[in-house]
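To start, the structure under review is shown below, and the notes come after it.
Each value in this text was obtained by applying a stated rule to the coordinates, not by laboratory testing. Predicted, not measured: the structure shown is a model, and the values here were computed from it. Because the Cβ atoms are built from the backbone with ideal geometry, glycine has one as well, and the counts that use them run over all protein chains shown.
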Amino acid sequence: MTREEVQGKADEIVAEVEKAIVGKKDTIQKCVATLLCNGHVLLEDIPGVGKTTLAKAISRAIGGEFRRIQFTPDLLPSDVTGTLFYNQGQSTFEFRPGPVFGNVVLADEINRATPKTQSSLLEAMEERQVTTDGETRGLPKPFFVIATQNNLEMTGTYPLPEAQLDRFFARLSLGYPDRVSEVRVLSERRLGIPLDEVSAIVNPEILMEMQATVREVFVKPSVQEYIVDIVRSTRESAQLLMGASPRGSLHLMRASQARAAMLGTEYVLPDHVKDMAVAVLAHRVIGRAELRAQGISPTQVIQRILETVPTPVPN
């Protein structure tokens, strides 16, 4: 597949998802970029802004099988991955796949489940497989997890462990719509459900071809060094207790490749790195206690780092 075809298909997917999610093009683009990188998205926001609708719309646009897991405090790991059951007719044990076996899996309100159940997604997200009762089973391809979580200040929530946060390629937020967009939502929802108008632009096979093409986007050595300098700056920052891991460097490069492909650029530019840095890195760092007391978020720290790290000069 050519890069022009990738750009065209990505634009069509974004436009199709926009039928259901109004006024959030940038977030949709970054979500699609994550999909093109074969990564996973964490949507952190308040209830009612369209997180579930976004997941469903993307699933329809890529023609994949959509599965939903509603995380609750009493959810068990086997409720996610699947379990063996005894078939009396054949006198054998058979595996009953859990809802994680899908192309687009919505892990809704993931931080309402216990840490043990949250961890049941780790192997699936990283290795695209699950191991139950000593047997490993591969997951469908492509495999895309969109996890949602409410703000930690809300009751009945458990913070995600750092190891699991690092598995998420990007963390995004929809936020409140602007006044014009919210009026448009009311108008469209009065007559029907915009999600019903979302149709498939690609199928899973074409999507995997797009993912392969994105990996071929050229990244100059100077831009690779720029990415590493940004990530290393998070480790050296006096405002952060923990910086981003080497996985953060790799994911930032992949995200920049996807951004370049979606914009029709033949190679990655520093601006592509800046566009994706906050979404890819902010959830991988931990701010010091005094930083939180001052009301400064990790997002603001990453933005400050982007302002201070020297940008490579095009050649």
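Which of Pro99, Thr34, Leu160 sits closest to the plus end of the dipole of the chain, meaning its Cα is farthest towards the positive end, when Lys and Arg get +1 and Asp and Glu get -1 on the C-beta? Of the options given, the answer is Leu160.
Within the chain, antiparallel bridges make up roughly 40 percent of the DSSP beta bridges whose residues both belong there.
Between Phe93, Phe168, Phe66, the GNM of the chain built on Cα springs shorter than 10 angstrom shows Phe93 fluctuating the most. How many percent of the alpha carbon pairs in the stretch 217-308 exceed a separation of 22 Å? More than 22 Å apart: 25 percent of the Cα pairs in the stretch 217-308. Take every pair of alpha-carbon atoms less than 8 Å apart whose residues are at least six positions apart; their mean separation over the length of the stretch 217-308 yields a relative contact order of 33 percent. Within the same chain, lysines fewer than 8 places from Lys25 are excluded, and of the rest, those with a Cα less than 23 Å from its Cα are Lys9, Lys51, Lys56, Lys274. A Förster radius of 22 Å, combined with the Cβ-Cβ distance separating Val228 from Thr311, puts the computed FRET efficiency at roughly 0.95.
Sparsely packed loop sites in the stretch 96-179 (the GluC sites (Glu not before Pro) outside DSSP H, G, I, E and B with at most 13 other Cβ atoms within 10 Å) comprise Glu153.
Which value, in debye to the nearest 20, describes the size of the charge dipole of the stretch 3-208 about its Cα centre when Lys and Arg Cβ atoms bear +1, Asp and Glu Cβ atoms bear -1, and nothing else is charged?
Working: 23 positive and 29 negative charges, 67 e Å.
For the stretch 3-208, the charge dipole is close to 320 debye.
When the Gaussian network model of the chain links Cα atoms closer than 10 Å, the mean-square fluctuations of Ala33, Ala261, Ala212 top out at Ala212.
Over every Cα atom in the stretch 8-51, the radius of gyration and the widest Cα-Cα span, Dmax, amount to 10.8, 33 Å.
Each of Leu306, Ala261, Pro77 was placed along the dipole of the chain (beta-carbon charges, centred on the mean Cα), and the one lying farthest toward the positive end is Leu306.
Bridgeable aspartates and glutamates around Lys220 (alpha carbons under 19 Å apart, same-chain partners fewer than 8 residues away excluded): Asp229, Glu266, Asp271, Asp275.
At most 16 other C-beta atoms within 10 Å and a DSSP loop state: those are the exposed trypsin sites (Lys or Arg not before Pro) I care about. Give me the longest piece of the chain that has none.
Working: sites that count: Arg128, Arg288.
Between the exposed loop sites, the longest stretch runs 129-287.
Listed by chain and number, the aspartates and glutamates placed with their C-alpha closer than 20 angstrom to that of Lys141 are Glu65, Glu123, Glu126, Glu127, Glu205, Glu209, Glu216; residues fewer than eight positions away on the same chain are left out. Each of Phe218 and Arg179 was given a label point 7 Å from its Cα along the Cα-to-Cβ line. The distance between the two points is 4.9 nm. In whole percents, the pair-distance distribution calculated for the stretch 219-266 from its alpha-carbon pairs, binned every 5 Å from zero, is 5, 22, 25, 20, 14, 9, 4, 1.
Computed from Cα atoms, the angle from the helix 298-308 axis to the main principal axis of the chain rounds to 30 degrees.
Could you work out the helix-only [θ] at 222 nm for the chain, with each DSSP H run of four or more residues adding -39,500 (n - 2.57) and the total divided by the number of residues, to the nearest 500 deg cm²/dmol? Walk me through the intermediate numbers first.
Numbers: 14 runs with 143 residues, N = 315.
The helix-only estimate for the chain comes to -13500 deg cm²/dmol at 222 nm.
Working from Cα pairs under 8 Å separated by at least six residues, relative contact order for the chain is 23 percent.
For the stretch 55-176, a Kirkwood hydrodynamic radius built from all Cα pairs, placed in the Stokes-Einstein relation at 25 °C and 0.890 mPa s, yields a translational diffusion coefficient of 160 µm²/s. For the stretch 1-110, the fraction of C-alpha pairs farther apart than 15 angstrom is 70 percent.
The angle between the Cα long axis of helix 3-17 and the main principal axis of the chain comes to about 60°, on a 0 to 90 degree scale.
Once the Cα atoms of helix 270-281 and of the chain are each reduced to a long axis, what angle between those two axes, in degrees from 0 to 90 to the nearest 10, is obtained? Compared with the principal axis, the helix lies near 40 degrees.
If R₀ is 45 angstrom, what is the calculated FRET efficiency for the pair Glu266 and Thr131, using the beta carbon separation as r and rounding to 0.05? Before the final figure, lay out each step's value.
Numbers: r = 41 Å, r/R0 = 0.91.
Working from the Cβ atoms, E equals 0.65.
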